[in-house]
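Visitor: Encoded as structure tokens, here's the structure I'll be asking about.
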């Protein structure tokens, strides 16, 4: 187990239906199989993170397989006996798929959205005890130092120094974000001046091991666009309602998917 106590940073151990540290801080394991390790002072709202509508839309969209080429791009970096942490795991689709392909690895998912973690745990029963989830911050992850072989961040924020802390010396950070033409057709319909995405900078303290772009098209009905794809993206809060209604009325629309996949390793510290 890689979880540590968010109060005192001591390792957590399972004791029946609780996780406990040596200082007797305890955290209940919910019936779905996840643990809430997010302290009240780490919350900016009562229910932080993605809401139910966004999570359910993402679940429908991902389970349809539209982003499965991304899983194929990440899979070669997941090896037997690896410990994987999915930072901002949402409802756990990517982590489940990766561990299904490499059942000898162990996976941990963390997200600030309790509803998402609950859904992830519910859908991962068949993979237990090789997969575990916790509600927690990706900026101060309740994870033991140098305990992970691979950290994954797919469209999720993280703190680069904290990721360096949790990775083993030979560990990798796999960061996925939008490349220049990602969802370009939606942007052109929602905005008067649609700008291309700009590649994210390499996080401080990391160096490039491998970079690649995934570029392909998917075809969606207008209903799938407005009920599944848009609600799981920042487009949910942007663009006019008239433009979204026009999208919903489409019988079909080809959408460009363009991912930037960065495989990064920590820069060795000088002695």
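The values are calculated or read from the model by the stated rules, or taken from the named source; none is laboratory data. What you see is a predicted model, and the numbers here were worked out from it, not measured in a lab. Cβ sites come from the backbone with ideal geometry, for glycine too, and all protein chains shown count toward neighbours.
Visitor: How many residues, within region 100-118, are crowded, with 24+ Cβ neighbours inside 10 Å and outside any strand (DSSP E or B)?
Guide: Residues flagged as crowded, with 24+ Cβ neighbours inside 10 Å and outside any strand (DSSP E or B) within region 100-118 amount to 2.
Visitor: A further question on this structure: Inspect all residues belonging to region 242-254 and state whether any of them is surrounded by 15 or more Cβ atoms within 10 Å (Cβ to Cβ) and within 22 Å of the chain's Cα centre (by Cα).
Guide: no
Visitor: Working only within region 102-132, note down all residues that are free of Cβ contacts under 8 Å to residues at least 12 places away in the same chain and more than 19 Å from residue 142 (Cβ to Cβ).
Guide: Answer for region 102-132, where residues must be free of Cβ contacts under 8 Å to residues at least 12 places away in the same chain and more than 19 Å from residue 142 (Cβ to Cβ): just 126.
Visitor: Filter region 160-195 for residues that are part of a loop (DSSP other than H, G, I, E, B), surrounded by 13 or more Cβ atoms within 10 Å (Cβ to Cβ) and in contact with a helix residue (DSSP H, G or I) (Cβ under 9 Å, 6 or more places away or on another chain); which is modelled with the lowest pLDDT?
Guide: Only one residue fits best here, namely 194.
Visitor: For residue 211, only one of the following conditions fails: (1) in contact with a strand residue (DSSP E or B) (Cβ under 8 Å, 6 or more places away or on another chain); (2) surrounded by fewer than 17 Cβ atoms within 10 Å (Cβ to Cβ); (3) farther than 26 Å from residue 74 by Cα. What is its number?
Guide: (3)
Visitor: Which is surrounded by fewer than 21 Cβ atoms within 10 Å (Cβ to Cβ) and closer than 25 Å to residue 6 by Cβ, of 130, 216?
Guide: 130
Visitor: If I ask for residues that are touching a residue at least 60 places away in the same chain (Cβ under 8 Å) and within 30 Å of residue 226 (Cβ to Cβ), which ones from region 65-88 would you list?
Guide: Once the filter is applied, which keeps residues that are touching a residue at least 60 places away in the same chain (Cβ under 8 Å) and within 30 Å of residue 226 (Cβ to Cβ), region 65-88 yields 66, 67, 69, 70, 73, 74, 86, 87, 88.
Visitor: Related question: Taking the condition of being over 24 Å from residue 71 (Cβ atoms) and outside any loop (DSSP other than H, G, I, E, B), how many residues in region 227-265 meet it?
Guide: Total meeting the criteria: 9.
Visitor: Looking at this structure, is residue 38 outside any strand (DSSP E or B) and either buried (at least 19 other Cβ atoms within 10 Å of the Cβ) or in contact with a strand residue (DSSP E or B) (Cβ under 8 Å, 6 or more places away or on another chain) (or both)?
Guide: Numbers: outside any strand (DSSP E or B): yes; either buried (at least 19 other Cβ atoms within 10 Å of the Cβ) or in contact with a strand residue (DSSP E or B) (Cβ under 8 Å, 6 or more places away or on another chain) (or both): yes.
In short, yes.
Visitor: Within the group 156, 224, 200, which residue is in contact (Cβ under 8 Å) with a residue 24 or more places away in the chain, within 15 Å of residue 257 (Cβ to Cβ), outside any strand (DSSP E or B) and out of contact with any helix residue (DSSP H, G or I) (no Cβ under 6 Å at 6 or more places or on another chain)?
Guide: After ruling out the rest, the residue left standing is 224.
Visitor: Is at least one residue of region 3-10 in a loop (DSSP other than H, G, I, E, B), more than 13 Å from the chain's Cα centre (by Cα) and under 26 Å from residue 175 (Cβ atoms)? Working first, answer last.
Guide: Quick first cut of region 3-10, residues in a loop (DSSP other than H, G, I, E, B) only: 5-10.
Of the ones still in play, those that are also more than 13 Å from the chain's Cα centre (by Cα) are 5-10.
Add one more test, that the residue is under 26 Å from residue 175 (Cβ atoms), and what stays is 6, 9.
Yes, the conditions are met somewhere in region 3-10.
Visitor: Taking the conditions exactly as written (under 18 Å from the mean Cα position of the chain (by Cα) and either surrounded by fewer than 19 Cβ atoms within 10 Å (Cβ to Cβ) or modelled with pLDDT under 90 (or both)), does residue 234 satisfy them or not?
Guide: Values: under 18 Å from the mean Cα position of the chain (by Cα): yes; either surrounded by fewer than 19 Cβ atoms within 10 Å (Cβ to Cβ) or modelled with pLDDT under 90 (or both): yes.
In short, yes.
Visitor: Let me ask something additional. Please determine whether any residue of region 240-258 is at pLDDT 95 or above, under 17 Å from residue 154 (Cβ atoms) and in contact with a strand residue (DSSP E or B) (Cβ under 8 Å, 6 or more places away or on another chain).
Guide: Looking through region 240-258, at least one residue is at pLDDT 95 or above, under 17 Å from residue 154 (Cβ atoms) and in contact with a strand residue (DSSP E or B) (Cβ under 8 Å, 6 or more places away or on another chain).
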